[in-house]
Number of protein chains: 2
Amino acid sequence: MNSETQTRLRHAVDDLFERQTEFLSELVAFPSTRGQEQAAQDFMARAFEERGLATDHWTIDIDDIRGMPGFSPVVGDYEDAVNVVGAHRARSGKGRSLILNGHMDVVPEGPHDMWDTPPYEPRLDDGWMYGRGAGDMKAGLASNLFALDALRACGLAPAADVFVQSVVEEECTGNGALACLQRGYRADAALIPEPFAESLVMAQVGVMWFQVHLRGLPTHVAYAGSGSNAIEAALPLIAALHEMEARWNADQAKPAHYDHVHHPLNLNVGKIQGGDWTSSVPAWCVFDVRMGLYPGQDMAAARADIEATLNNAARQSDFLRNNMPEITYNGFMAEGYALADDTGETARQAIATLEQAHGAITGQALDKVAITATTDARFFGLYADTPALVYGPRAEAIHGFNERVDLESMRRVTQATALFIANWCGVEPV
Amino acid sequence: MNSETQTRLRHAVDDLFERQTEFLSELVAFPSTRGQEQAAQDFMARAFEERGLATDHWTIDIDDIRGMPGFSPVVGDYEDAVNVVGAHRARSGKGRSLILNGHMDVVPEGPHDMWDTPPYEPRLDDGWMYGRGAGDMKAGLASNLFALDALRACGLAPAADVFVQSVVEEECTGNGALACLQRGYRADAALIPEPFAESLVMAQVGVMWFQVHLRGLPTHVAYAGSGSNAIEAALPLIAALHEMEARWNADQAKPAHYDHVHHPLNLNVGKIQGGDWTSSVPAWCVFDVRMGLYPGQDMAAARADIEATLNNAARQSDFLRNNMPEITYNGFMAEGYALADDTGETARQAIATLEQAHGAITGQALDKVAITATTDARFFGLYADTPALVYGPRAEAIHGFNERVDLESMRRVTQATALFIANWCGVEPV
């Protein structure tokens, strides 16, 4: 690509940027928490169709993916889980194909009174757009689409197939991205503009979700101290899990990618519920835990360690010994993934192409990071031999209150993405 | 009352006992948890009307009782809170009047799979009736009514006014019994057949319910340890409350009535809820606590101690110091009550009359106990100068699974109640 094309693409993103910002605002206005993404996915499908992309809009069938590597267990069916893919089919097919992936599901916004303004009424202030999902990752979805728009505005189309994916389930299982694999979408590389501040993610942790169910024999509180209280029985188990967390984070346990990360594997007690009546000793308690894992860490061994930790702690308690916790898995069973470990030529070229695009737009070298979260990149990298580049805009307070995305950062990422597409896929006339 | 009348009353209870057991079974079949008592109260009202009692069936108006001593704070209104009173008005009025009180509300049954048989499908086995509320306290409601039936079957009626009360809200505030006071129901004594195994309750604790609300600043778990986790922030507060509990239960703090009770004041974390998403550091957590108080213990001082305990513990935590807990009161604000402290002549006579009735039926002396729970007795004793006798059948697992009541014990209590009514109120021909 010559520098004139580069400049034209950059300006095309600028010219479209007001529309891109409006598009993002429309996306953020959908309260697309898990199970509630259908309207947002319909909106996305219309956007694909308006652009002439061949649009595939389907409900995930759990039986289609259950046996695949990387599948995460879920409770219930997927009647409410809808993926959308828009396919650009190149006439020449001379370039390298590409998947542009993003997820539509957002995490719950929490109590609205802790937001300065309502989470699904996007607001612009001082260069930021506020709203649940603005950063994680609707700005990325907008960036993917408007990077292609910029090419079209320049009279160009990718010279290889490009699949624009808007998936669900990224925040709990990744089964949405997995269903895209199952449906046959493959390409030479994947780009996922998750909000990691214009850095390239070289390693991501795995994530496991588990639930601990405690049951007890309740009585009227008049006849019981705290010994058989299913809520308080959770406390030593949580403490034991934190000891395990410390063990996993010890220096000698860290792989090289995480050498310089202080505490890569976070354990989070994310939800708890227990008891039915204030004056009854609670008969039940269930808490939900998220635990990180290193790339390469064996999942079965990790599960065994978690279960042994909980069971050993339970055996220390007179109450729990006779009411052993039940451990269930409903959500992430996600391996870690390190793009850095992909020594193939395709990965090398993809990274170099992104470095070039990033440099051309920002004038800076591309930062490379190891992150303490997971993304859908693992499906492409681990199960489809496809290097997956996680590279997206700067955002703050993702999963928190007053989540926001830096709009100038989204602009730069869109520009870099347009250049990346043009260089990776090559171009042909529209 | 001569011994022939005594024998006839006793036999009358026996003759009616199959019907009484059926009546109890019908009562237990109503899932009359708080807010769901209307159908059961309608059933009770019909039972009063069939017996010719003047039936008063009303919805509690919170504004009528809010300013009264003994009122407990509640969230929301009382549109679903219905009391029923059936009044027997004596022709002669020569005897001492009586309130026969019981409550229709039951505590939640908890997970059904922890019951051997469904909680609202009463089951008879080996002399026990199983079901939520069978003991606490539908057997008492049945006993009150069938004791009066036994008199009628003998051609007798109480020679003083008797008010049979079926109230709600006993398990959370006592505002149902309070509303009966407000409506003007007064008598010389009250009898409440709560399930304390045919003992007479001489002292009962007070109970306070409070909620602790914790808020935090959540983030994606990738960026946070447990420091700002609103669920885990609850743990040191719960520990501090148990230290307070130990202080209140120390020997030097115990009043005489509780000298021989090992641990009179139980603190119970009865409910907890927090967090919205397993991979988000939870932004909120709320837990519900029940704490006992001694008769005579100052309520305002107790509240101040609870709040200081929570606030001091919160100030130890970097996170909580900037996110101080909010403490709210929604439920019991119940003082302790000791019948033993009522040195009046009426109380002395009421206790003696019950002792005599109990002895005649059981051949045993009446056990006198201090209990670690509260009952509605406090309203009569503390706020209406009316000695309140808590005396009811033996039950097990109240507030637990497989709650059950001893039917022979209910029979004896019904017989003793019939004798008590006849002796306390005197009798006149029907």
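Please state which of the following conditions B:Leu354 fails to meet, knowing it meets all the rest: (1) outside the structural domain of B:Ile238 (by TED's automatic domain parsing); (2) touching a residue at least 40 places away in the same chain (Cβ under 8 Å); (3) open to solvent by 20 Å² or more (accessible area, probe 1.4 Å). Exception for B:Leu354: condition (3). Surrounded by 14 or more Cβ atoms within 10 Å (Cβ to Cβ), in contact with a helix residue (DSSP H, G or I) (Cβ under 9 Å, 6 or more places away or on another chain) and assigned to a loop (DSSP other than H, G, I, E, B), is that true of A:Phe23? For A:Phe23, the condition - surrounded by 14 or more Cβ atoms within 10 Å (Cβ to Cβ), in contact with a helix residue (DSSP H, G or I) (Cβ under 9 Å, 6 or more places away or on another chain) and assigned to a loop (DSSP other than H, G, I, E, B) - is not met. The lone criterion from (1) at pLDDT 95 or above; (2) within 14 Å of chain B (Cβ to nearest Cβ); (3) open to solvent by less than 10 Å² (accessible area, probe 1.4 Å) left unmet by A:Trp248 is number (3).
Screening the range B:107-160 for residues that are in a strand (DSSP E or B) and hydrophobic (A, V, I, L, M, F, W, C) and picking the one that is farthest from B:Ala422 (Cα to Cα) gives B:Leu124. Is at least one residue of the range A:93-103 within 14 Å of another protein chain (Cβ to nearest Cβ) and outside any loop (DSSP other than H, G, I, E, B)? The answer is yes; a qualifying residue exists. Among the residues of the range A:106-133, the ones that are small (Gly, Ala, Ser), buried (at least 24 other Cβ atoms within 10 Å of the Cβ) and away from chain B (no Cβ under 14 Å) come to 1 in all. Considering (1) over 19 Å from A:Gln6 (Cβ atoms); (2) open to solvent by 20 Å² or more (accessible area, probe 1.4 Å), the lone condition that A:Ala360 does not fulfil carries the number (1). Look at (1) open to solvent by less than 20 Å² (accessible area, probe 1.4 Å); (2) within 30 Å of B:Arg303 (Cβ to Cβ); (3) among the hydrophobic types (A, V, I, L, M, F, W, C) and you find that B:Ala12 fails only one, number (2). Please go through the range B:255-277 and pick out each residue that is assigned to a loop (DSSP other than H, G, I, E, B) and at the interface with another protein chain (Cβ under 7 Å from one of its Cβ atoms). Listed by number, the residues that qualify are B:His263, B:Asn266, B:Gly275, B:Asp276, B:Trp277. Output yes when any residue across the range A:231-243 is buried (at least 20 other Cβ atoms within 10 Å of the Cβ), closer than 30 Å to A:Lys368 by Cβ and modelled with pLDDT of 95 or more, and no when none is. No: zero hits.
With the structure loaded, tell me whether A:Leu310 is more than 13 Å from chain B (Cβ to nearest Cβ), buried (at least 17 other Cβ atoms within 10 Å of the Cβ) and modelled with pLDDT of 95 or more or whether it fails that test. Here the answer is yes, as A:Leu310 does meet what is asked.
Going residue by residue through the range A:171-185, is there one that turns out to be buried (at least 24 other Cβ atoms within 10 Å of the Cβ), over 16 Å from the mean Cα position of the chain (by Cα) and of a type in the set (Phe, Trp, Tyr)? No, the range A:171-185 has no match at all.
If we keep just the residues of the range B:48-62 that are of a type in the set (A, V, I, L, M, F, W, C) and within 22 Å of the chain's Cα centre (by Cα), which is surrounded by the most Cβ atoms within 10 Å (Cβ to Cβ)? The residue in question is B:Ile60. Of A:Ala90, A:Ala40, A:Ala47, all but one fail to be assigned to a loop (DSSP other than H, G, I, E, B), under 27 Å from A:Val413 (Cβ atoms) and either among the aliphatic types (A, V, I, L, M) or not assigned by TED's automatic domain parsing to the domain that holds A:Val413 (or both); the exception is A:Ala90. B:Gly400 meets the conditions (1) in a helix (DSSP H, G or I); (2) within 14 Å of chain A (Cβ to nearest Cβ) in every case but one. The failed one is (1).
Restricting the search to strands (runs of 3 or more DSSP E) fully inside the range A:278-371 and requiring at least 2 residues that are under 30 Å from B:Val207 (Cβ atoms) and of a type in the set (Lys, Arg) gives an empty result. When A:Gln211 is tested against (1) free of Cβ contacts under 8 Å to residues at least 60 places away in the same chain; (2) not assigned by TED's automatic domain parsing to the domain that holds A:Leu27, exactly one condition is not met: (1).
Taking the range B:328-341 as the range and being more than 14 Å from chain A (Cβ to nearest Cβ) and surrounded by fewer than 21 Cβ atoms within 10 Å (Cβ to Cβ) as the test, the residues that pass are B:Ala340, B:Asp341.
Considering the range A:209-227, and only residues there that are more than 10 Å from every other protein chain (Cβ to nearest Cβ) and open to solvent by less than 40 Å² (accessible area, probe 1.4 Å), the residue that is modelled with the lowest pLDDT turns out to be A:Leu214.
The values are calculated or read from the model by the stated rules, or taken from the named source; none is laboratory data. Because the structure is predicted, anything quoted here is derived from the model rather than measured. Reconstructed Cβ throughout: ideal geometry from the backbone, glycine too, with neighbour counts over all protein chains shown. These area figures cover heavy atoms from the full protein model, side chains too; ligands, DNA and RNA do not enter into them. Shrake-Rupley method; radii C 1.70, N 1.55, O 1.52, S 1.80 Å.
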